[in-house]
Structures are given as C-alpha cells and as structure tokens.
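Below is one structure; the comments refer to it alone.
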Amino acid sequence: MSTVVENSSVLSALTKKFTEVFGDSKNVEYYFSPGRINLIGEHTDYNGGYVFPASITIGTTGLARLRNDHKVKLYSENFPDLGVIEFDLSDVENKDGGSWSNYVKGMIIALKGAGYSVNHGFELLIKGEIPTASGLSSSASLELLVGVVLDDLFDLHVPRLELVQLGQKTENDFIGINSGILDQFAIGFGEVKHAILLDCNTLKYEMVPVELRDYDIVIMNTNKPRALTESKYNERFSETREALKRMQTKLEIKSLGQLSNESFDANVDLIADETLIKRARHAVYENNRTKIAQKAFVAGDLAKFGQLLNASHKSLKEDYAVTGIELDTLAETAQKQAGVLGARMTGAGFGGCAIALVAHDKVNEFERAVGAEYERVVGYPASFYVAQIGAGARKINI
Ligand code: GLA
C-alpha cells in the first residue's frame, strides 16, 4: 500500500479533484489521519485494561477550506457515486443513512457540545486508503481527520486528548457503537516507529520505540465482506458489563481490568454463567497478558512477545468468540510458518485483519504459503501488507 501523504503526486491529483468538484482550490489546506494496528490488548479498552497499538502510514487524506455560508459540502474519492453530499450546519442532527457524512456530523455535534464554535460551512474532500471493514479503524481515522480539519479551520485549539475523546463520543453517541478509546487514541497520539502502551482506566500512556530488528509486522486482511460487527461488538460489551456487575456483588472493583488472573479465578463463581465467565476471563487475562507482552517487547524478547500474540489469538477465539474461520485460518496458518514468532487477529474481529511477526527475509515465502492455504480454506484471497508505523492525525504543511 502506498502512503498518500508522502506522495506529492497523489496530493496534486487530489487538488485537481478538489478543483473539479468545488470549482477551484483557493485556500485549500491538507490533512492526514492514519489507521492503526493493535499489537496486543484486544477488547480490553472498554473493560478498563491496557492496549498496545500503533498508528500506521496508511490512512485518510483530507483537503478542506472554509465557506462564507453555513453549508457543508463533502466529497469522498471512495464513494464517487454519492457525489457531493451537502447539508446545512443547522441540520447536523439529521443522520444520512449509513453514509460516511455521519462521521462529519457526529464530530461537529461533539465539538459544539464541548463548547467549541463551528459557525461556518466548509468543503471537505477525502480519500481513504484503509480498506473498509478491515479492522484497521477507517472510522476512527475519519473521525480524527474531521477533528484536525475543524480544529485548524476554526482555530479551536482543542487539546489532543479531548479531540480523541470527542472522536470516541461520536462513535458511541452518534454512530451507536459502544467502542472504547483504543482506536481514536492510537490515531490521535501515534508517533513514527512508536507503539503506545495505554492504560484505558487512567488514560496514562507511554510511548514505546518499535525495534523489530530482523522482523516485520505483516498485516493480513481476510477481505471478508462486512459482517455483523457492530451488533456482535455491542453484545460483547454488554456481556462483560454483566459479568462485572455480578463480580461487584462481592468485589470492590470498578472494571475487570483491576483483577489479576488469580483473583479472577478465585471469584469466578460469582458470575455463574459459562458464556459470561469466558468473556470476562478473556478481558482479565488479555489485560494481564498485555502488560507482560509490553515488558517482553521493551526487553527485546520478541520470541516471548510472539508467544503472547499466539495466546491472545487463542483467547479471542475460544473465550471471546470474535474470530471465525477467516481470522483463525490466517493467524493459525501464520503461526506455523518458518520465521514467524507469533500471529493474532487485530481490532474488533469478526473478519478484518490479523497481524504476524515475520522474519524480514521470509516475508515473501510467508505471504505465498499463508495466502494459498487461506484461499484453499476460505475460497477467496487474503491481502498482505508490511506495516509501517507512522505519525498520528495532523495537518500536512506543503
Ligand atoms: C474496535 C473498537 C476498539 C476496541 C477494539 C477491540 O476497534 O473500536 O475500541 O474495543 O475493537 O480491542
């Protein structure tokens, strides 16, 4: 995958498109917001646990400028059939079916709700490189893109953490997914060649240099058509909330992230339901696994880190039940290949992407072998990209 933002010919093509769509390109400004991978710590964010993500160099590019009236005009290179989507600032509460413009409306509402003044119309053209439904956070990428665009156009000076939280609020309140803060945080705070260890309970974080020596992180896309991710995601959210409630009848805890594996095991009977026990066990064990994994990563023990990736996938498969044949085939086939230290699904699951830590000189062979097995089992091809860790959402000064 190429990186739009580092490619000036792509930016000039987008400028040309802007002119074609909006008449000219006077006063246009440029912005970029990445996607993210999560190295480990899956479905822990909304359970008060740790996550360990990194922003990547593929993402969403935006070109924008202010208007003198109250009209918002939007165009996406990914949905040319939708043409220019237009609405009045007074009409932002009105949802547009499943259109991408809802993310723009949601961010305007969130910013205004937080007291910021978005009092003019604007034009925005975007081009997204993150495959949809890939689990690499195309939606949070868009939320933060709109965040940096509005912050800049309206001179709002929104603190970065608040912008991240407003992105999450958009997802929760306007889009209707009970997601945690993982995606928006990774995209808002990402730095080149760094991962972020984030405690979702306190929002304290640490930037961790990504030193992979002779290894690459390979992203493997299942290319599974969009599944019922939203409803299944919200179901997992409710299941872990219910398990927590049952544990709170005896334990003084605010989230599952506060439990050690031992205290969870000692009190598991409080949950009294097989499915809920499995869901909560994943949340607790994955959180503790993430803390150990980060330490191994920092110590340069990539072999141990890889084993923890494998354990994470197993837990997401068996206890959290968010993998499915596509992700299991990718991750489990990857784990068996020469030169692979570990592999797991990344993101919400139910399709989307997995990641693998693969010896640099084995990547081609790896892609061939995993790709062939995936196509044999699933019936259509997977896609592979070597991940580059890039910076977070920002204005591009050209
Ligand atoms: C999605 C959500 C995140 C997080 C992951 C699973 O990406 O948006 O908040 O819960 O799933 O770890």
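Among the conditions (1) open to solvent by less than 60 Å² (accessible area, probe 1.4 Å); (2) over 23 Å from the mean Cα position of the chain (by Cα); (3) not polar (S, T, N, Q), the only one that HIS157 does not satisfy is (1). Selection within segment 176-198: residues that are more than 11 Å from the ligand (Cβ to nearest atom) and part of a loop (DSSP other than H, G, I, E, B). The member of this set that is most open to solvent (accessible area, probe 1.4 Å) is LYS193. No other residue among GLY23, GLY48 is out of contact with any strand residue (DSSP E or B) (no Cβ under 7 Å at 6 or more places or on another chain), surrounded by fewer than 20 Cβ atoms within 10 Å (Cβ to Cβ) and not charged (D, E, K, R) apart from GLY23.
Condition check: farther than 30 Å from GLU365 by Cα, not small (Gly, Ala, Ser) and not in a helix (DSSP H, G or I). Does GLU230 satisfy that?
no
Take residues that are under 20 Å from LYS73 (Cα atoms) and tell me which of the helices (runs of 4 or more DSSP H) falling wholly in segment 100-175 contain 1 or more.
On the way: elements: 101-113, 138-153, 160-169.
Counting at least 1 such residues, we get 101-113, 138-153.
Taking (1) within 16 Å of the ligand (Cβ to nearest atom); (2) crowded, with 24+ Cβ neighbours inside 10 Å in turn, GLY324 satisfies each apart from (2).
Restricting attention to segment 214-249, the residues that are more than 16 Å from the ligand (Cβ to nearest atom), in contact with a helix residue (DSSP H, G or I) (Cβ under 9 Å, 6 or more places away or on another chain) and closer than 19 Å to THR132 by Cβ add up to 2.
The values are calculated or read from the model by the stated rules, or taken from the named source; none is laboratory data. These figures come from a predicted structure and were not determined experimentally. Counting neighbours? That spans all protein chains shown, and the Cβs are built from the backbone with ideal geometry, glycine included. Areas reflect the complete protein model, heavy atoms only, side chains present, ligands, DNA and RNA absent. Shrake-Rupley method; radii C 1.70, N 1.55, O 1.52, S 1.80 Å.
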